[in-house]
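Student: Handing you this structure, nothing more for now.
The values are calculated or read from the model by the stated rules, or taken from the named source; none is laboratory data. Source: prediction; values computed, not measured. Because the Cβ atoms are built from the backbone with ideal geometry, glycine has one as well, and the counts that use them run over all protein chains shown. Areas reflect the complete protein model, heavy atoms only, side chains present, ligands, DNA and RNA absent. Shrake-Rupley method; radii C 1.70, N 1.55, O 1.52, S 1.80 Å.
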Amino acid sequence: MLNIEKYPIQKDDIKDRMFQLITACYPICRSITGDGVRETIEIIRKIIPLDKHEVPSGTKVYDWEIPKEWNIKQAYIKDPNGNVIVDYKRHNLHVLNYSIPIRKRVGLDELKKHLYTIPEQPDLIPYRNSYYRENWGFCLSHNQMIRLKEGTYEVVIDTSLEDGHLTYGEYFIQGNSSEEILISTHICHPSLCNDNLSGIAVSTYLAKYLGEQTTRYSYRFLFIPVTIGSIAWLSLNEQNLKIKHGLVLALLGDLSDFTYKRTRKGNSEIDSVIEHCLQHSNKTYTIKDFIPYGYDERQYCSPGINLSVGCFTRAPYGEFPEYHTSADNLEFVKPDALAESLATLYEALFVLENNLKYVSKYPKCEPQLGKRGLYQQIGGTNEGKVTQLAALWVLNMSDGNYSLLDIAKKSGIQFTVIKNAADALINCDLIEKYAKEL
Ligand code: ZN
């Protein structure tokens, strides 16, 4: 079982280490395939023993096919005077991600058909991709675009689109049970910090600390390109799925409140666990019902798969001004926010790990607590009174039908207090684990 006292995330340097990981990965031009993903996986492998998987281009995965692998050497635009005015090496958002190779001279009108800007945020470079439709293009600030003069421009995009592989990372932690908790995060975005180097950093350190402990559940961490990665993984692993609970992690480094999107089932144990942790966090938060839009929960919660996978973020998908722009940078993500995200997730997994059912050995009237020293164990302070009440709740509801989280919800008492009370009752031999869960 996890032991929250051993909670390693309170170490001061965790948030700095997560931020260092983000800083190391930030300059890399990632995409849904290619060397950027491999390079990122190598960086993560310095922290956790990630397995690298390669799925060949052309592999059929449900209704999809693994695309050709995309790699890039350079991409720039020269103005009519021969000056480089847009350069992928200055910011990798400047190239339309998955651009086909091109080398030609074009007039301003034709060039503008291949330029992407955000008129409402005229100083920012947008992030755009063209994954499943062959196209070329550049992204730049709207202010730069409107200053372009008539004339002939030279455009060079030195990319390759060839048979290769889709790359993803996987880390499996064997627990006491073969039932798994899936943690999935997307690894395909180029230089964007919150979306999703934050998810990568939090997942990596969550994996690191779970891997150092004995756990009830097994854990499977996936670092995958969005959509095609989860489709590929599900297609290749459908026969062996043992996932009992899961979370898609993304957007965990900004200062917004937490947002939790429920599983498609809407009443899964993971839904109750996250809602309970957020309720007792003394912070504002948002809970949303499942919608078939967002990240890889769309695939995990497709009707023929229907896993209990929710999505945990801070600012919701697409709903912050920096989203998919050059403003989603190293200044936008905050080490304290990363640390809080990690701590909240760790706490949720603690609840899942310890959410067991017990049975009272003295179900006929209350057992006498005083003679067993239980009152001394739980003390006379205000906190002690809560614990005494928690003990009475656990004794009363431990008939094999209710888990500790059910008792926490029914009583309105935080899970950890209920868990501590249950531990004290076990020590006094008043309750035992429900036989079916042994
Ligand atoms: Zn995104």
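Student: Taking R0 as 60 Å, what FRET efficiency do you get between residue 144 and residue 410 from their Cβ-Cβ distance, rounded to the nearest 0.05?
Tutor: 0.50
Student: Further question: Using the Karplus curve 6.51 cos²θ - 1.76 cosθ + 1.60 with θ = phi - 60°, what ³J(HN,Hα) values do you get for each residue of region 152-164, in whole Hz, with x for Gly and Pro?
Tutor: 9, 10, 9, 10, 10, 10, 9, 10, 10, 10, 9, 4, x
Student: Could you give the accessible area per residue of region 357-437, probe 1.4 Å, as a whole number in Å²?
Tutor: I get 56 Å² per residue for this part.
Student: Still on this structure, I have one more. For region 354-368, just list the computed ³J(HN,Hα) in residue order, Karplus coefficients 6.51, -1.76 and 1.60, θ = phi - 60°, integers in Hz, with x standing in for Gly and Pro.
Tutor: 3J(HN,Hα) across region 354-368, in whole Hz: 9, 7, 10, 9, 10, 10, 6, 7, 10, x, 8, 6, 6, x, 7.
Student: Another question, if that's okay. May I ask what percent, to the nearest 5, of DSSP beta bridges between residues of the chain are antiparallel?
Tutor: Percent antiparallel among DSSP bridges in the chain is about 65.
Student: 5 Å is the cut-off here: which amide hydrogens, built 1.01 Å from N in the peptide plane, fall below it relative to residue 175, excluding neighbours closer than 5 in sequence?
Tutor: HN-HN under 5 Å from residue 175: 218, 219.
Student: Choose one answer from 285, 346, 205: the residue with the largest mean-square fluctuation in a GNM of the chain with alpha-carbon springs under 10 Å.
Tutor: Sorting by GNM fluctuation, first place goes to 285.
Student: Next up: When the Karplus curve 6.51 cos²θ - 1.76 cosθ + 1.60 is applied with θ = phi - 60°, which whole-Hz ³J(HN,Hα) does each residue of region 245-262 get, with x for Gly and Pro?
Tutor: Ordered by residue, 3J(HN,Hα) equals 9, x, 9, 8, 10, 7, 6, 10, x, 8, 8, 6, 5, 6, 10, 10, 9, 5 Hz.
Student: Using DSSP to call loops (not H, G, I, E or B), can you name the trypsin sites (Lys or Arg not before Pro) in region 103-188 whose Cβ has at most 13 other Cβ atoms within 10 angstrom?
Tutor: Qualifying residues, ordered by number: 113, 133, 147, 149.
Student: How large is the charge dipole for region 3-149, taken about the Cα centre, if only the Cβ atoms of Lys, Arg (+1) and Asp, Glu (-1) carry charge, to the nearest 20 debye?
Tutor: Result for region 3-149 is approximately 480 debye, rounded to the nearest 20.
Student: Now for a separate question. Would you mind checking the pairs 73/149; 89/261; 60/208; 60/436; 15/52 and listing those with alpha carbons more than 31 angstrom apart?
Tutor: Among 73/149; 89/261; 60/208; 60/436; 15/52, the Cα-Cα distance tops 31 Å for 89/261; 60/208; 60/436.
Student: To one decimal place, what orientation-averaged projected area in nm² is obtained for the convex hull of the Cα set of region 169-237?
Tutor: Orientation-averaged projected area of the Cα hull: 4.6 nm².
Student: What angle, in degrees between 0 and 90 and rounded to the nearest 10, separates the Cα long axis of helix 382-397 from the longest principal axis of the Cα atoms of the chain?
Tutor: For 382-397 against the chain, the angle is about 80 degrees.
Student: A follow-up question, please. Highest mean first, how do 87-100, 178-191 rank when packing is the count of other Cβ atoms within 10 Å averaged over residues?
Tutor: So the peptides 87-100, 178-191, ranked by packing, come out 178-191, 87-100.
Student: Something else: Shape verdict for region 357-437, please, from the Cα gyration tensor: rounded (a/c under 1.5), prolate (a/b greater than b/c) or oblate.
Tutor: Oblate, because a/c is 1.5 or more while a/b does not exceed b/c.
Student: Then there's this: Report, to the nearest whole %, how much of the accessible area of the chain belongs to carbon and sulfur atoms, 1.4 Å probe, protein only.
Tutor: Summing carbon and sulfur atoms, their accessible area is 46 percent of the total for the chain.
Student: Further, regarding this structure: Place a +1 charge on the Cβ of each Lys and Arg in the chain and a -1 charge on the Cβ of each Asp and Glu, then give the dipole magnitude about the Cα centre in debye, rounded to the nearest 20.
Tutor: About 480 debye.
Student: Skipping prolines and chain starts, which residues have an amide H placed within reach, meaning under 5 Å, of the one on residue 183, given they are 5 or more residues away or on another chain?
Tutor: Amide H to amide H, under 5 Å and 5 or more residues apart or across chains, residue 183 pairs with 220, 221, 222, 247.
Student: In whole angstrom, how long is each semi-axis of the equivalent ellipsoid of region 185-294, when you take the square root of 5 times every eigenvalue of its Cα gyration tensor and sort them from largest down?
Tutor: Equivalent ellipsoid of region 185-294: 21, 19, 17 Å, largest first.
Student: If Rh is defined by the Kirkwood formula over all Cα pairs and Rg also comes from Cα, what ratio Rg/Rh do you get for region 88-205?
Tutor: Using Cα coordinates only, the ratio equals 1.12.
Student: Counting only Cα atoms, I'd like the Rg/Rh figure for region 237-380, Kirkwood definition for Rh.
Tutor: Over the Cα atoms of region 237-380, Rg/Rh equals 1.11.
Student: Ok, one more. How large is the direction-averaged shadow of the alpha-carbon convex hull of the chain, in nm²?
Tutor: 22.6 nm²
Student: Would you pull out the residues with amide H under 5 Å of residue 325's amide H, same chain only if 5 or more places away, H placed 1.01 Å from N?
Tutor: Placed amide hydrogens put 127 under 5 Å from residue 325.
Student: So, by mean Cβ neighbours within 10 angstrom, what's the order for 353-365, 299-311, 64-76 with the highest one leading?
Tutor: Top of the packing list down: 299-311, 64-76, 353-365.
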